[in-house]
Amino acid sequence: MPEPMQCSGSMDIRELRFARAMEFAIQEINNRSDILPNITLGYEIHDSCAAVPVALKLAFQFANGQTPNISMSNSCNKTADVVAVVGESGSTPSIGMSRILGLFGIPMVSHFATCACLSDKTQHPTFFRTIPSDHYQAAALARLVKHFGWTWIGAVRSDSDYGNNGMASFLRAAKKEGICVEYSVAYYRTNPRSKLERVAEVIRSSTARVIVAFVASGDMRFLLEELSRRTPPPLQWIGGEAWVTDPHMFKFGLCAGAIGFGIERSVIPGLRDFLLDLSPAQASKSALLTEFWEDAFGCTLHAAKAGQLLGVEPCSGNEKLDAILTQYTDTSYLRITNMVYKAAYAIAHAIHGLVCRDRPESLSQCNRSIVLEPDQVLDQLKKVNFTINGNHISFDTNGDPVATYELVNWQITEDGVMEFVTVGRYDASQPKGHEFSMSRNITWMEGQTQVPVSVCSQSCPPGTRKAVQKGKPVCCYDCIPCGEGEISNETDSVDCVSCLDENWPNAQRDQCLPKPVEFLSWDEVLGIVLAVFSIAGACIAVAVATVFYRHRMSPIVRANNSELSFLLLFSLMLCFLCSLTFIGRPSEWSCMLRHTAFGITFVLCISCVLGKTLVVLMAFRATLPGSNVMKWFGPLQQRMTVVSFTVVQILICILWLVLSPPFPVINMSHYKERIILECDLGSVGAFWAVLGYIGLLAVLCFILAFLARKLPDNFNEAKFITFSMLIFCAVWITFIPAYVSSPGKFTVAVEIFAILASSFGLIICIFAPKCFIIVFRPEQNTKKHVMGKGQLKAL
C-alpha cells in the first residue's frame, strides 16, 4: 500500500478561518428556533491541503461512506451520512470533486471556486456556489479596463483551471471591448524557478503599463517575490478577487495602487467572539487547531513533544488570541468568509424545506425521522431563496448567485499603512451599460491621482483614421489624415466618411461645411476693378460724344462722318456697359442678357466701323474721274448697312433664346472644394455663331481698312481703323484659349476683359487722335488743315 498523503508546508490561516466560520454558522443554526428546530446538524471538516489528489480522495470518501476508522459491523450503508458538501476553495480541486460527487447526486456548495467552467450543468450537475462566477468578473474587468481607456495591457494567470478559464473569459470580453493584449503568460507555483524568471522578465520588458492578473493568491506571492528581486517599471495591477483582497499581499509595495474586484464585504455578528473563544484545551482536540495554536504562540500543547523540540516551551494555558495580530481573528474584511457562512445557511435552508413544515404564527414542525437522500437536498437547493444579515441568497439555473462585486483599491493611509478602499461597485443584475459605477477617487500606481496611460498608439484625433500597423495587433496603428472630401469627427475613428456633394471638409477635416459659392461678385476686388473700368469706359464714350457734339460743325468732325461716329460712340458705350451684366450672381435674366447684349452691341459697333471704312473707300472712288459711287452709298445706304448687319445678329440671338437659351447652373465638378455659379450657354453652337459673326465682320473690316490705309492723307482714318481692328482681332483670338482654360469666375473675368480691351482699343485708336486735335490743337481743326497734305500727316 502506498504511504498515506500528508500535508506539507505552512498552514493557510485564512482557510482555517473559513472552516471555523462554517462551524460558527452550523452552531448558530442549531441554536435557532426558526430553522430546523429541535434538529442538530452535524459536520465533518477535512483538510485538502490545497492538493487535488487529497481533494479527490475526500470526494470518494464522502461518496462511498467510508470513514478513516474501519467499521467491523456486518452491515454497510449504501452512502455516507453526508447529504451536502461545503467547499472547495480552489477551482481545480472543486472541478475534480464535483465530477465525483455529481455521479452520486451529492450537492456541493463552494464558497471560493469561481471558474466559469463549473457553471456547465452537463458536467457539474450538483455544483452550486455562493461566490459569483469568473464569467461575470472577467466581463467586469474588461469593462473596467475599457472605462479607463487602457487598450494595451499585459496578462498573467495561474496555470490552473481557475487561471486558464478565467483568463480565457477575460480575453474574449476584452476583444469585444477593443482591448489588445501585448502578452499572456502562465505559471504555477510548482513550476521550476526558471519558468517564473521568464514570466517576470516578460513583464519587465513589456511596454504595457497595465497588467491584469488572474492568479491564485499562493501563485501571486511567488510572482511578486520574483519581481521584487529586480523591480520592474511602474505597473498598474488589475487583480482578480483571488488575490486583490488578500491582506498577505500588502507586504509587496510594488502593488500599491492596485485595483480589482472583490467580493462585497459583510458583517457576521458574533463571529469574532466565536473565533476568540478558543482555549488551549479546545485547540488540543483538533490537529488543525493545535498546529495553528502552536504556530501563533510559538509553544507546544503537548509536554512530551516539548521535550523533543529544542527551544520550544510548552504552552502555559494563559495565551489569549486577542493579544496577538493574526489573520485568523481579522474580521474587518469579511468577504470569502461570508461566502462560507452563506453556503452553510443555504444547505440548512434546503434541509429545512425537506424535513420541516412552516406554519404561520407558530414554530415549524419537523420530522426528525426522515432519512434524507442527497438528490433531495440537491432539488431543494435549487429553490432556496432567503436573506441573512442583509444578504440575499438564491441560485440561478447554473447554480450561480447574482454577481455583485466591490471595486477595491489599494491605498496608503497618512500613517503609511496599506488598506483596502472600496471605490466602486459592479452589479450584473443591472441593465446593460449600468452595471458599473464609481463612488470614490482612485489612487493609482506610485500614488498618482491621474489615470495611467497604457496604449500601444496614441489616440487618433478627429480628422484622421486608424491604419493598423502590419503584423501588429489592432491597437497598434498609425493615424492617417482623412482623404480629400472626407472627415472623421470622432477620436480613434476607424473610417473616414465622405461629405455630401454640397459640403466640403474644413482644414482640420473634422466636420463638413457648406462649400463656398464662387461667382464674380460686386464686392470682391476683381469685380470692383472690372466694374470701375466698365463705367470709366462708358463715361469716356459719353465724354467723347459730348466733345464731338459741341464741335459737330468743326471740319474734323464733319470730315469723319459725324453720324456714324455718334452711333459708334453710342455702341461703344453699350459695349462698356454690357460687361456689367457679367458681374453678380447669375440668374436666368442675367444669363440671357449678358451674351445677347454683348453679341448685339459688338455687332452694332463693328457695323459702324465697317460703315466708316466703306465710306472711306467709297469717298476715294468718288474722287476718280467719271465716278458717281457716292450717289449709291449715301447716308441712307450707310444706315441700312449698319441695320442690316445688326439685324442678322439679332436674329441669331432670338433663335438662341427661343431654342436653347443660357441658364444658371451649379458647377460642382470643376472644383471639389467649392461650388461655381455660372451660366450654361444652352446652345454652344449659338454662342460660337454669335462670336463667329462678330469675328467675320471684324476680319472684313480689318481687310477693307488695311486696303485703304495708303489712300491720300485726307482720308487717313483708315489707318486708325486698321490699328483698332488689329487690336480687336488680337484680343478675341487670344480670348478663345483663355476662355476655354480659365476656371470658375475667371472665365467671366476673361470675357469681361476681352470686351473692355477691344472696346478701349476702338475708342482710343479711332477717337483719341481727333479729340486731341479738337481739345489741344484747335488751330488744326480747320478745313485748310484737314484738306492739307502736310497737316494731315501730323494727324
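FYI, it's all coordinate maths here, none of it is from the lab. These figures come from a predicted structure and were not determined experimentally. All Cβ positions, glycine included, derive from the backbone under ideal geometry; neighbour counts span all protein chains shown.
For the chain, the longest principal axis of the alpha carbon atoms and the long axis of helix 52-64 meet at an angle near 60°. Taking the C-alpha atoms only, the angle from helix 745-776 to the longest principal axis of the chain is near 30 degrees. Positive-end ranking of PRO431, VAL85, CYS180 along the dipole of the chain, with charges on Cβ about the Cα centre, is headed by CYS180. Of all the Cα-Cα pairs you can form in segment 230-309, what percent are over 23 Å apart? Pairs farther apart than 23 Å: 53 percent. Calculate how many DSSP beta bridges within the chain are antiparallel, expressed in % of all such bridges and rounded to the nearest 5. Percent antiparallel among DSSP bridges in the chain is about 60.
Take the Cβ-Cβ distance between PHE772 and TRP688 as r, set R0 to 35 Å, and report the resulting FRET efficiency rounded to the nearest 0.05.
After rounding to 0.05, the efficiency reads 0.35.
One quarter of the surface of the convex hull around the alpha-carbon atoms of segment 464-514 equals 3.4 nm², the direction-averaged projected area. PRE reach from ASN389 (point 7 Å along Cα→Cβ): which of segment 339-360 fall under 14 Å by backbone N? Backbone N within reach: 339-346. Taking a Cβ cut-off of under 10 Å around SER89, the surrounding Lys, Arg, Asp and Glu residues balance to a net charge of -2, with basic ones at +1 and acidic ones at -1.
In the structure displayed, which of LYS515/LYS745; LYS342/LYS382; LYS176/LYS382; LYS175/LYS432; LYS195/LYS470; LYS175/LYS251 lie more than 22 Å apart, Cα to Cα? Check vs 22 Å cut-off fails for LYS176/LYS382; LYS195/LYS470; LYS175/LYS251.
Which entry in (i) 296; (ii) 169; (iii) 226 matches volume of the Cα convex hull per residue in Å³ derived from the coordinates of this structure? Calculated volume of the Cα convex hull per residue in Å³: the matching label is (i).
For the chain, adding -39500 (n - 2.57) for each run of n ≥ 4 DSSP H residues and dividing by the number of residues yields -14500 deg cm²/dmol at 222 nm. The ellipsoid that matches the Cα gyration tensor of segment 170-211 has semi-axes, each √(5λ) in whole angstrom, of 24, 13, 6, with the longest given first. A Förster radius of 25 Å, combined with the Cβ-Cβ distance separating LEU325 from ASP277, puts the computed FRET efficiency at roughly 0.90. The reciprocal of the average 1/r between distinct C-alpha atoms defines the Kirkwood hydrodynamic radius, which for segment 499-602 equals 16.8 Å.
Against the main long axis of the alpha-carbon atoms of the chain, helix 336-355 sits at an angle near 70°. The gain in end-to-end length when the VAL529 to THR449 segment is fully stretched comes to 22.5 nm, 0.36 nm per residue minus the alpha carbon separation.
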